[in-house]
Amino acid sequence: MTNNLISIKNLEYKVGQNINFSLNIKEFKLKKSDSILIYGESGLGKSTFLNLLSGTISPQKGNIDILGENISNTSSSIKDRIRGDHFGIIFQTFNLLPYASVKNNILLGKAYSSIKQSKSNNDEIKELMNKLSLNYEDLINRKAYELSIGQQQRVAVARALIGKPEIILADEPTSALDKSNQKEFINLLFKSLDDNEQGLIMVSHDHKLSNKFKTVKNITEICEINND
Amino acid sequence: MIKFTLLFQSLLNRWLSCLLIILTLSFSISLFFTVSRIQESVRSSFQNTVSGVDSVVAARGGNLQILLNSVFLIGEPNSTIRWSTYKDITDNNKMNWAVPISLGDSHKGYRVIGTTNNYFKEIKYSSGKNIEFLSGNSFNDVFDVVLGSAVANKLKYNLGTEIIITHGLSNVGEVHTFHSDKENHDDHAKHEEHDDHSEHADEGHEGHDHENLGFKVTGILKPTGTPIDNAVYLSLAGIEAMHSGWIGNQKVVDLSIEQILQSELKPKTISAIFVSLKNRTQVFQFQRDVLNYKKEAISSVMPGITLSRLWALTGNVDKAFKIITFFIIIIALLGMIAMTIAGLNGRRREMAILRSVGASPTNIVSLLLVESIIISLISCVIGYILMIVIFSIGKDYLQNNYGIFINSFSIKNYDLQMIISIICAALIATIVPAIQIYKNTLRDGLNVKS
């Protein structure tokens with residue numbers, strides 16, 4: 001089996017006829033246990049890049065292989081399944097369903113994937129919360145809206161990690177946090193990752209948090225973007 | 001399981017708009033069920049009332065009025081016909097049996113029917129069921145009285161209770177007829193010598209208690225679910241006795257019971273005759289005989305045909321009502337669409353989160369559909385319960401005021417069909433927001449819009 005979690009070759013993506021936005025990627029790879037920080041100004045296609053990786057949009061040309069499976073030409077339902085089975089995704093902010101408990105928010109992470117469910121046991125929530133410095137007894141039944149932003153983001157990490165997906169995508173997960181929390185968040189994120197062979201791609205507008213990452217790249221080094 | 005938990009929590013999170021949708025839907029659904037129930041009950045209680053009567057003979061007048069008056073005890077009594085006419089009708093060779101009735105008096109708002117013992121023997125209800133006695137038996141004596149089951153129940157009368165009959169229809173209007181405001185105790189010309197009471201017609205006189213004459217309850221009928229339950233039955237002699245010494249609404253002579261019993265208590269007039277023919281096919285010939293009767297202007301009404309005419313007349317009103325309530329349901333569903341669509345923008349974050357954990361746009365659309373199934377199902381259940389409550393509260397009112405008998409409650413196949421079609425309609429209505437949400441999820445992808 002290939003060591004590549006993600007492998008992109010000669011990808012071309014274009015939007016619409018009136019708005020001219022195109023994004024080309026010659027080559028991109030994410031290997032097991034790899035961690036990549038992609039930084040760059042906003043509007044340079046970071047979101048498009050993540051949407052392409054996670055299969056919510058499709059390129060016109062080129063290949064995207066996820067764990068050896070080419071998703072660029074498959075149906076959207078297969079892409080949805082692959083995303084559910086192999087990805088853990090963390091957003092900038094508002095990651096959680098505010099009305100649901102911490103427990104249900106974390107469980108949601110594996111609700112649409114039988115693979116994640118089979119890889120996950122009953123203690124996983126507790127373990128994840130411990131690793132992320134979340135007090136299990138205290139927080140497990142609390143509603144998401146009762147938590148601080150920092151706690152919410154850590155619960156979001158737990159949701160992304162539950163069921164041990166191979167690929168973790170994080171879209172500016174620290175932007176809503178203050179400096180000391182940012183650092184702590186990154187530390188906890190990496191601490192939770194260590195045991196597995198998970199690959200992490202994090203997108204951020206600055207690269208101050210880069211010291212933990214194996215690879216740090218500007219978005220422009222990965223994609224060639226035309227926006228006129 | 002977790003998906004369902006989250007679905008319910010999501011609904012609870014939007015409880016106010018959900019509650020409003022459920023309220024509007026359930027009210028309109030209960031309205032629909034109530035209207036169709038009343039419709040059915042009116043129809044069946046009307047149709048069940050006459051059975052085995054081929055013709056109603058009465059003074060010439062509108063067929064409908066004669067029928068409503070004599071069979072359903074609704075509206076003002078007609079003019080009367082002579083006793084001799086009754087005799088002549090019974091001599092008709094096509095006759096199987098004939099039961100005379102005399103109307104125009106009341107007891108505490110319930111109409112009094114003066115008749116013969118044959119009434120209980122011959123008159124049938126609900127396609128051929130006999131009238132049966134719950135207790136006691138028919139009248140033997142002038143001052144005996146038989147009560148319909150509703151009368152006995154409401155007024156808590158037992159066998160042996162002495163009651164006073166009111167001359168005229170006091171309070172009947174308020175309690176029993178459609179024309180309550182116009183009702184008056186028209187003296188129905190029981191006394192031929194004094195048949196002009198127009199001066200009393202609009203004065204709203206109370207009826208006059210025949211206070212000296214106590215009638216004794218000798219029999220109580222079993223419930224029939226027809227106007228039969230709502231009447232008080234006297235012998236024709238009893239009716240005569242009650243009016244002895246009275247001219248119209250005036251008591252002219254105080255007579256003792258002995259004096260009354262000594263006088264000849266033969267009826268001079270009656271209100272109508274229920275007729276059964278030996279051969280039903282002769283009904284038109286009989287009708288011709290009646291029209292050709294020379295001594296008095298009388299007519300023969302065929303209950304079945306007249307009822308069908310009545311339905312032809314009211315059927316359209318019925319339909320209009322049904323259509324209106326149907327539209328009310330549609331309006332409620334439109335409200336549901338509007339609220340769902342208005343709520344979609346606020347739920348884009350929720351959708352993006354679901355997408356990120358692997359939910360397909362189809363999953364998200366089905367989530368919306370399940371939501372509307374839940375909402376419409378809850379609304380149907382509440383609406384249905386509401387209807388049951390409305391009927392259990394309003395049952396007596398309907399029975400007393402409009403003579404509509406609601407049978408004991410049962411869930412009908414029709415209801416289930418209706419509930420299923422309402423849920424289907426709700427699903428169809430959800431297509432619009434579903435398309436919207438499908439587009440949103442495709443466009444938004446994982447970009448959280450908030």
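The values are calculated or read from the model by the stated rules, or taken from the named source; none is laboratory data. Keep in mind it's a predicted model, so treat the numbers as computed, not measured. Note that we place each Cβ from the backbone using ideal geometry, even for glycine, and neighbour counts take in every protein chain shown. Each accessible area value is taken on the protein alone, full model and side chains, heavy atoms only, with ligands, DNA and RNA left out. Shrake-Rupley method; radii C 1.70, N 1.55, O 1.52, S 1.80 Å.
Tell me yes or no: at least one residue of region B:303-315 is over 30 Å from residue B:124 (Cβ atoms) and either modelled with pLDDT of 90 or more or not aliphatic (A, V, I, L, M) (or both). If you could, list the steps in order and put the result at the bottom.
First, the residues of region B:303-315 that are over 30 Å from residue B:124 (Cβ atoms): none.
No, region B:303-315 contains no residue that is over 30 Å from residue B:124 (Cβ atoms) and either modelled with pLDDT of 90 or more or not aliphatic (A, V, I, L, M) (or both).
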Kindly provide the set of residues from region A:29-46 that are part of a loop (DSSP other than H, G, I, E, B) and not hydrophobic (A, V, I, L, M, F, W, C), ordered by number. A:32, A:33, A:34, A:40, A:41, A:42, A:43, A:45
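Here's the yes/no breakdown for (1) within 22 Å of the chain's Cα centre (by Cα); (2) within 14 Å of chain A (Cβ to nearest Cβ):
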residue: B:308; (1), (2): yes, no
residue: B:312; (1), (2): yes, no
residue: B:319; (1), (2): yes, no
residue: B:322; (1), (2): yes, no
residue: B:334; (1), (2): no, no
residue: B:353; (1), (2): no, yes
residue: B:357; (1), (2): no, yes
residue: B:362; (1), (2): no, yes
residue: B:374; (1), (2): no, no
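Do any strands (runs of 3 or more DSSP E) entirely within region A:123-228 hold 3 or more residues that are closer than 26 Å to residue A:4 by Cα and more than 17 Å from the chain's Cα centre (by Cα), and if so, which? Write out each step before concluding.
Numbers: elements: A:167-171, A:199-204, A:215-218, A:223-227.
Here the list reads A:223-227.
Considering only region A:32-40, I want to know if a residue exists there that is acidic (Asp, Glu), touching a Leu at 6+ places or on another chain (Cβ under 8 Å) and either more than 14 Å from every other protein chain (Cβ to nearest Cβ) or closer than 15 Å to residue A:224 by Cβ (or both). Before you say what the answer is, go through the steps one by one.
Going residue by residue through region A:32-40, those that are acidic (Asp, Glu) are A:34.
Then drop every residue that is not touching a Leu at 6+ places or on another chain (Cβ under 8 Å), which leaves A:34.
Of the ones still in play, those that are also either more than 14 Å from every other protein chain (Cβ to nearest Cβ) or closer than 15 Å to residue A:224 by Cβ (or both) are A:34.
Yes - at least one qualifying residue is present in region A:32-40.
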Subset of region A:72-112 (residues that are under 14 Å from residue B:357 (Cα atoms), of a type in the set (A, V, I, L, M, F, W, C), more than 7 Å from chain B (Cβ to nearest Cβ) and in contact with a Lys or Arg (Cβ under 9 Å, 6 or more places away or on another chain)): A:90, A:96, A:106
Pairs, please: C-beta under 9 Å, at least 6 apart or cross-chain, first residue without any contact (Cβ under 8 Å) to a residue 60 or more places away in the chain and in region B:212-238, second among the acidic types (Asp, Glu)? B:212/B:254
Residues being buried (at least 23 other Cβ atoms within 10 Å of the Cβ) and within 13 Å of chain A (Cβ to nearest Cβ): count how many of those fall in region B:336-346. 0
Any pair with Cβ under 9 angstrom, 6 or more apart, that starts in region B:1-29 at a residue that is within 27 Å of residue B:359 (Cα to Cα) and touching a residue at least 24 places away in the same chain (Cβ under 8 Å) and ends at one that is charged (D, E, K, R) and assigned to a helix (DSSP H, G or I): B:7/B:371; B:10/B:347; B:10/B:350; B:10/B:371; B:11/B:371; B:14/B:347; B:18/B:371
Only one of these conditions is not met by residue B:349: (1) more than 14 Å from chain A (Cβ to nearest Cβ); (2) open to solvent by 50 Å² or more (accessible area, probe 1.4 Å); (3) in contact with a Ser or Thr (Cβ under 7 Å, 6 or more places away or on another chain); (4) of a type in the set (D, E, K, R). Which number is it? (1)
Note on region A:88-123: residues open to solvent by less than 10 Å² (accessible area, probe 1.4 Å) and acidic (Asp, Glu) are none
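Per-residue answers, yes or no, for (1) at pLDDT below 90; (2) more than 30 Å from residue B:321 (Cβ to Cβ); (3) assigned to a helix (DSSP H, G or I); (4) among the charged types (D, E, K, R):
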residue	(1), (2), (3), (4)
B:20	no, no, yes, no
B:28	no, no, yes, no
B:39	yes, no, yes, no
B:65	yes, no, yes, no
B:69	yes, no, yes, no
B:85	no, yes, yes, no
Quick one: residue A:94 ticks every box in (1) touching a Ser or Thr at 6+ places or on another chain (Cβ under 9 Å); (2) at pLDDT 85 or above bar one, so which box is it? (2)
By residue number, the members of region B:112-165 that are assigned to a strand (DSSP E or B) and either open to solvent by 10 Å² or more (accessible area, probe 1.4 Å) or at positive phi (or both) are B:124, B:125, B:129, B:130, B:133, B:134, B:135, B:136, B:144, B:162, B:164
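Is it true that residue B:54 is in contact (Cβ under 8 Å) with a residue 40 or more places away in the chain and out of contact with any Cys (no Cβ under 8 Å at 6 or more places or on another chain)?
Details: in contact (Cβ under 8 Å) with a residue 40 or more places away in the chain: yes; out of contact with any Cys (no Cβ under 8 Å at 6 or more places or on another chain): yes.
Against the criterion (in contact (Cβ under 8 Å) with a residue 40 or more places away in the chain and out of contact with any Cys (no Cβ under 8 Å at 6 or more places or on another chain)), residue B:54 qualifies.
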If you go through A:105, A:122, the only one that is of a type outside the set (A, V, I, L, M, F, W, C), free of Cβ contacts under 8 Å to residues at least 12 places away in the same chain and at negative phi is A:122
Say whether the condition of being touching a strand residue (DSSP E or B) at 6+ places or on another chain (Cβ under 8 Å), part of a loop (DSSP other than H, G, I, E, B) and in contact (Cβ under 8 Å) with a residue 40 or more places away in the chain is met by at least one residue in region A:47-55. no
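Can you find even one residue in region B:75-83 that is in the same structural domain as residue B:122 (by TED's automatic domain parsing), touching a strand residue (DSSP E or B) at 6+ places or on another chain (Cβ under 7 Å) and in a helix (DSSP H, G or I)? Give the derivation first.
Here is the first cut: in region B:75-83, the residues in the same structural domain as residue B:122 (by TED's automatic domain parsing) are B:75-83.
Next, only the ones that are touching a strand residue (DSSP E or B) at 6+ places or on another chain (Cβ under 7 Å) stay: B:77-83.
Applying the additional criterion that residues be in a helix (DSSP H, G or I) yields B:83.
Yes: one or more hits.
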Residue among A:6, A:78, A:57 that alone is open to solvent by less than 30 Å² (accessible area, probe 1.4 Å) and of a type in the set (A, V, I, L, M, F, W, C): A:6
Could you list, ordered by first residue, the pairs with Cβ atoms under 6 Å in which the first is in region A:60-75 and touching a residue at least 24 places away in the same chain (Cβ under 8 Å) and the second is assigned to a loop (DSSP other than H, G, I, E, B) and loosely packed, with under 14 Cβ neighbours inside 10 Å, at least 6 apart or interchain? A:68/A:2
Picking from B:27, B:32, which residue would you name as being of a type in the set (Phe, Trp, Tyr) and either within 23 Å of residue B:77 (Cα to Cα) or buried (at least 18 other Cβ atoms within 10 Å of the Cβ) (or both)? B:32
